[in-house]
Amino acid sequence: MAEIQLKDVRKSYGSVDVIKGVDLEIRDGEFMVFVGPSGCGKSTLLRLIAGLEDITSGDLLFDGKRVNDLAPSKRGIAMVFQSYALYPHMKVYDNMAFGMKLAKAGPDEIRRRVEKAAKMLHIDHLLDRLPKQLSGGQRQRVAIGRAIVRDPKVFLFDEPLSNLDAALRVATRLEIAKLHHEMKNVTMIYVTHDQVEAMTLADRICVLRDGLVMQVGTPSELYERPNSLFVAGFIGSPKMNFVNGQIAQGFNAHTIGIRSEHMVVDNADPVWRGKVVHAENLGSDNFLFVDIGSEEPVLVRQEGKTAIPWGAEIGVRPLIENLHRFDETGNPIR
Amino acid sequence: MASITAGQPEPQATRPARRSELQAERVRAARLFLLPMLVALTLVAAWPLFRTIYFSFTDTSLSNIGAGKWVGFDNYLSVRTLSSGKVITRGVLVDPAWWNAVWNTFRFAIISVSIETVLGLLVALVLNAEFKGRGLVRAAILIPWAIPTIVSAKLWAWLFNDQFGMVNDMLMSLGLIDHKIAWTADVSTAMYAVLIVDIWKTTPFMALLCLAGLQMIPRDMYEAAKIDGVHPIKVFFRVTLPLVKPALMVAVIFRLLDALRIFDLIYVLTPNSSATKTMSVISRENLIDFDKFAYGSAQSTLLFLIIALAVILYIWLGRVDLGGQKQ
Ligand SMILES: Nc1ncnc2c1ncn2[C@@H]1O[C@H](COP(=O)(O)OP(=O)(O)OP(=O)(O)O)[C@@H](O)[C@H]1O
Ligand SMILES: [Mg+2]
């Protein structure tokens, strides 16, 4: 059980401000994902919560108690590092058991917990191996297992999947989702810059940019009602189409944003007309790049499978109810 | 390549051939690059070593190096029975002065290298921590090592001087000793004096090698332990030490090789003290001072064999990974 509150948390290294005043509430048992571009301070924020870095100013509360000066080991957290941070000279079993205090748990208890965690993650046949004898995915699972055996209240992940290949990433992602399901009382904070991971895993997502929180909300909230141009562009794949200038002015906005799936090919009643300059067939979807006279061609997800040749002139129509309008400062016009 | 059967398809037959040609080219290039080094090593190491071994089997004297006659193992051990029936054994192997030197050498090497390793590791741990002015301290700590041995030996000879030395002065005023000690001349303290100077001088070097090893350990390993709340002492013995061990073992080899052939420090600081005379010192004495050139050569040869044996033993027992394969 742990509810985490950050109140105007700041972090600077010397004169460099990295976290510039973060207010955030993470609910008990929630899966919170931090996303943001590289260097925005996701890892730093996570390390502040872990206690691996000192908070420059502001308050960090666990269940209402200020923990700014509490040692990491006393916070009831476990962390999974991007690089796994396994001890290379210890067997998998010892890696998992190393952090458990003998005083608290007897050797039988330790063995029981390690084996339980190993079974949960399907690494129980690897307990006698050294980390170097494991594949990347297995190593990552050992690192997760090592965190599980500590029975934490808060689980911290720093880009745990970024060293894995695409297929393994999907598999381990499911594994983590399952884990969250099984450990209902554990609050999880997960750092990633992969927004697919964020969308699929999160109860709520916190989008960071330059050390500031841009928006916090459920994946669908962020997807459907982004409160800034930045969040609109950052969440969602493929990226939202942005159109400026004349065309946007027609909608009384500085910039309009429309997702590719909210555009329809409509030669009968088009809003825009343009040439297909490129097409990508992903198997399930067919994406058309249509030059409607904006800076960049807009991306349209095509319904159906009728092949449209490159260079063809087509009409497209945005679904007005899904159109996002933004002013000069990037704020939404609603 | 001679066994290619007629039916084999063409590409399979040519590919290995091409690769081995490439291999041969690499080997040729490698030989070329190694040649200057091999020539230099032959001139400065192999040839003198070979000559020394040869001289040890002759009765060569310093005054006429070319005129030595072959005497077999006599310099090492010769057993003669006099007409009176008395048996006389001579040679390095039964020379108490030599065995005293061997004992001194090993005593010195083991004590100094042990203390230097422990101190060096401690210093390295301090230098590996983050604090203000770390760069400056890292540079400053190397100063003793950067001073030429002769200079530091002379410097310490003055500090240890029985009449005017600072060491006696300080110990007297602190009341730790009641009479002045002739540190370098007294048989009971000479070895300590040598050890102190050597440890003072070489600990920085050891610390530097340890530091290099410590810096190889990823920081998140410590962070993981910190989150787990593992006691720092346990972290040191269970994580740090096993992970710096390979670097440490190599550092110890370097130091051991150095310590086993120690010469300059002892020659300057405690000349002619039987308490500190090492193998190198005694063989030089015979080679040059006593004009027992062949006898000195025999000692040098033994010195070579003993050091080689000690290092081989160390590598074997410590399973030192000189090639870095284990990583
Ligand atoms: N020890 C440090 N000293 C100075 N600046 C630092 C330090 N650690 C991080 N920073 C800076 O803080 C900023 C945020 O770093 P952080 O590692 O939190 O980024 P991130 O969001 O995790 O990025 P990535 O997605 O690339 O991992 C970066 O600009 C980085 O240069
Ligand atoms: Mg990061």
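Rule-based calculations on the coordinates, nothing more; no lab input. Note that this is a predicted model, so its numbers are computed, not measured. Cβ coordinates were reconstructed from backbone atoms using ideal geometry, including for glycine residues, and neighbour counts include every protein chain displayed.
Counting only other residues whose beta carbon sits under 13 Å from that of B:L32, what net charge do I get with K and R as +1, D and E as -1?
Taking every other residue near B:L32 into account, the sum is +2.
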### Task
Please give the average number of partner chain Cβ atoms lying within 10 Å of the Cβ of each residue in A:72-85, rounded to a whole number.
4
### Message
Could you check the spin-label model distance between B:V94 and B:V187? Points 7 Å from the Cα along Cα→Cβ, value in nm.
### Response
2.4
### Query
Given labels modelled 7 Å from the Cα in the Cβ direction, how far is it in nm from B:A139 to B:R80?
6.4
### Message
Using a Förster radius of 60 Å, what is the FRET efficiency between B:K180 and B:L32 based on their Cβ-Cβ separation? Nearest 0.05, please.
### Response
0.45
### Task
Could you check which residue among A:T255, A:T187, A:T306 shows the biggest mean-square fluctuation in a GNM of chain A with a 10 Å Cα cutoff?
A:T306
#### Entry: Around B:F205: net Lys/Arg minus Asp/Glu count, Cβ-Cβ under 12 Å
-1
### Task
Anything in chain B that counts as a DSSP H helix reaching 30 Å or more along its axis (C-alpha) with Kyte-Doolittle mean of at least -1.0? List them, would you?
B:10-41, B:96-128, B:187-215, B:293-318
### Proximal charge balance of B:A97 [Cβ under 14 Å; K/R count +1, D/E count -1]
+1
### Message
If packing is taken as the average number of other Cβ atoms within 10 Å across a peptide's residues, how do B:79-92, B:40-53, A:34-47 rank, most packed first?
### Response
A:34-47, B:40-53, B:79-92
### Query
How far is it, in nm, from the label point at A:S135 to the one at B:T42 when both lie 7 Å from their Cα along the line to the Cβ?
5.3
### Query
Is region B:96-318 best put as rounded, prolate or oblate by its Cα gyration tensor, with a ≥ b ≥ c the root eigenvalues, rounded for a/c under 1.5, and otherwise prolate when a/b is larger than b/c, oblate when not?
oblate
### Message
List the lysines whose Cα sits under 24 Å from the Cα of B:K292, skipping any in the same chain fewer than 8 residues away.
### Response
B:K69, B:K277
### Query
Gain in length, A:E224 to A:D69, computed as 0.36 nm per residue apart minus the alpha-carbon separation, to one decimal in nm?
51.9 nm
#### Entry: Convex hull of Cα atoms in region A:4-233, direction-averaged projection (nm²)
12.9
### Query
At a Förster radius of 30 Å, what calculated FRET efficiency corresponds to the Cβ-Cβ distance of B:V151 and B:F290, to the nearest 0.05?
0.60
### Query
In a GNM of chain A with a 10 Å cut-off on Cα contacts, which of A:R141, A:R204, A:R169 has the highest mean-square fluctuation?
A:R169
